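Read-outs throughout are calculated quantities, based only on the coordinates presented, and are distinct from any laboratory measurement. Worth saying up front: this structure is predicted, and the values here are computed from it rather than measured. No Cβ is skipped: glycine too gets one built from the backbone with ideal geometry, and neighbour counts run over all protein chains shown.
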Amino acid sequence: MYHLNKEEFDKASFNDILYDMLRDPDSSVVTNCILVLNEIMADSGGMALNRAVMLHLLNRIHEFSEFGILSVLDLVPRYIPANDDEGFQIMNLLDPVLRTANAGAVVATIRAFLSIADAVGKRPGDDRDEDSPTVDDLKRQVVVRIKAPLVTLLASGSSELTYVLLKYVDQLIDLCPGIFDDEYRVFYVRYHDQTHIKHSKVRILAKLANPDNAPDIV
């Protein structure tokens with residue numbers, strides 16, 4: 001109906017109905033509402049978000065299917081927490097997702113964490129307390145927090161998934177050097193690795209090498 005007659009769609013207040021349906025007890029209904037709202041509000045960047053909607057969805061995230069979890073996680077980078085406490089609250093709500101076997105959900109959670117760090121971290125010129133963490137400090141904390149789940153996925157994934165995760169780890173190493181240095185053994189080249197995976201591992205090993213682990217790597 002939205003594509004056929006937008007005027008009648010607006011008159012019927014379907015937007016408001018869809019927002020009300022985000023509280024439906026069936027998580028599949030909520031997932032479909034998110035998808036529809038994102039589509040009909042695409043010109044304005046997707047469905048409008050506020051604290052109540054965001055926290056409601058995140059508190060129910062354990063009820064969603066894998067597809068539904070990804071739909072919710074895609075919303076997080078678009079939401080700007082009001083303060084540090086709210087940002088940390090969202091991270092804590094998402095923490096269980098890092099322990100799932102769904103690589104897409106883990107990567108989407110990492111993306112959400114980094115976006116929160118960008119939003120709430122202190123930047124030069126901010127008049128916040130000296131003890132407030134900077135953007136770089138928060139990003140390092142995030143990478144430390146997600147290192148173990150990523151390493152676990154690397155050890156258990158298919159070759160296609162492994163390659164994607166290696167590229168992601170490569171970017172995280174550039175973002176926060178030193179954090180993955182103690183996991184260098186995970187990136188040893190195996191004889192059965194495909195060529196593109198071998199290249200990625202060698203590239204990462206070169207970045208992880210330091211005086212302590214260089215003899216083992218060589």
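Which value, in debye to the nearest 20, describes the size of the charge dipole of the chain about its Cα centre when Lys and Arg Cβ atoms bear +1, Asp and Glu Cβ atoms bear -1, and nothing else is charged?
800
If only the Cβ of Lys and Arg carry +1 and only the Cβ of Asp and Glu carry -1, the dipole of segment 125-218 around its Cα centre is close to 720 debye.
Lysine pairs in the chain whose alpha-carbon atoms fall under 17 angstrom of each other, counting only those eight or more residues apart or on distinct chains, come to 9. The magnitude of the dipole of segment 1-105, with charges of +1 and -1 set on the Cβ of Lys/Arg and Asp/Glu and taken from the Cα centre, is near 140 debye. Taking 0.36 nm per residue of separation and subtracting the current Cα-Cα distance, fully stretching the chain between Asp131 and Arg111 would add 4.7 nm. From its DSSP helices (H runs of at least four residues, each -39,500 (n - 2.57)), the chain gives a residue-normalised ellipticity at 222 nm of -18500 deg cm²/dmol. Working from Cα pairs under 8 Å separated by at least six residues, relative contact order for the chain is 11 percent.
If you average the sequence gap of Cα pairs under 8 Å that are 6 or more apart and divide by the length of segment 1-114, what percent do you get for the contact order? Computed over segment 1-114, the figure is 20 percent. The calculated FRET efficiency for Phe14 paired with Phe88, based on their beta-carbon distance and R0 = 41 Å, is about 0.70. Taking the chain as a Gaussian network of alpha-carbon nodes connected by springs under 10 Å, the highest mean-square fluctuation of the residues Asn32, Asn102, Asn50 belongs to Asn50. Backbone amide hydrogens, once placed in the peptide plane, bring Lys122 within less than 5 Å of Thr134, Val135, excluding anything fewer than 5 places away on its chain.
Return the whole-Å distance between the Cα centroid of segment 148-181 and the Cα centroid of segment 1-50. Centre-to-centre distance over Cα atoms comes out at 36 Å.
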